[in-house]
Amino acid sequence: MNNEEEFINFVCRNCSLKYIDDGHKLLWCKGFVQAFSGEYILAVHLLVPQIEHYLRKKAESIYGPLHKLENVRQQDEPTLTNILELLKNHFKKDLYHDFRLFFNAASDVNMRNNIAHGLWGYNEILKHAPYCIWLAIKIYFCEDEVFVE
């Protein structure tokens, strides 16, 4: 337990991203702990929403608030499709396509949808988890390798 707590404290302290607040840093760290412990299913369930939240915050840092408050009865949050499109020119190389196809495109992996709706079984999650974890690590520790400045 002490090693896990030390790891979490270390990882939380070494995140330089201004788009991830302390409450979300802990979720990222817990996701990394699960990943490094071989618990890929738990890691993916923790990290996929954090990646989406981060992308929204990143887009808002460039374009301002993205939610629509005009309709009092339904205040829409931007979809991941909209967020990725806004960030398209800010991704390095072909990473826009990687994020769009891996997390959001129905014609490809679409991990976010498949995880959120329980469409994947154990083996499918295990098959795709390493790439999800790798992207999360890149975002959290090496944002400059994902986005242009």
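The values are calculated or read from the model by the stated rules, or taken from the named source; none is laboratory data. Note that the structure is predicted; figures quoted are calculated from it, not measured. The area values use the complete protein model at the heavy-atom level, side chains included, leaving out ligands, DNA and RNA. Shrake-Rupley method; radii C 1.70, N 1.55, O 1.52, S 1.80 Å.
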Grab the chain and count how many Lys pairs have their alpha-carbon atoms under 18 Å apart, sequence gap of 8 or more, or different chains.
19
Expressed as a whole-number percentage, the relative contact order of the chain with C-alpha contacts under 8 angstrom and at least six residues apart is 24
So if the hydrodynamic radius of segment 80-122 is defined as the Kirkwood radius over C-alpha pairs, what does Stokes-Einstein give as its diffusion coefficient at 25 °C and 0.890 mPa s, in µm² per second?
227
Residue-normalised accessible area of segment 6-52, expressed per residue, 1.4 Å probe, Å²:
52
Please list, in chain and number order, the residues 5+ apart from residue 147 or on another chain whose amide H is under 5 Å from its amide H, with Hs placed from the backbone.
92
Just the number, please: Stokes-Einstein D of segment 17-137 in µm²/s, Kirkwood Rh from C-alpha pairs, 25 °C, 0.890 mPa s.
162
Roughly speaking, what is the stretch gain from residue 12 to residue 149, that is 0.36 nm per residue apart minus the C-alpha to C-alpha distance, in nm to one decimal?
47.0 nm
I want to verify a result. In a Gaussian network model of the chain, Cα cutoff 10 Å, which of these has the top mean-square fluctuation: 133, 62, 83?
62
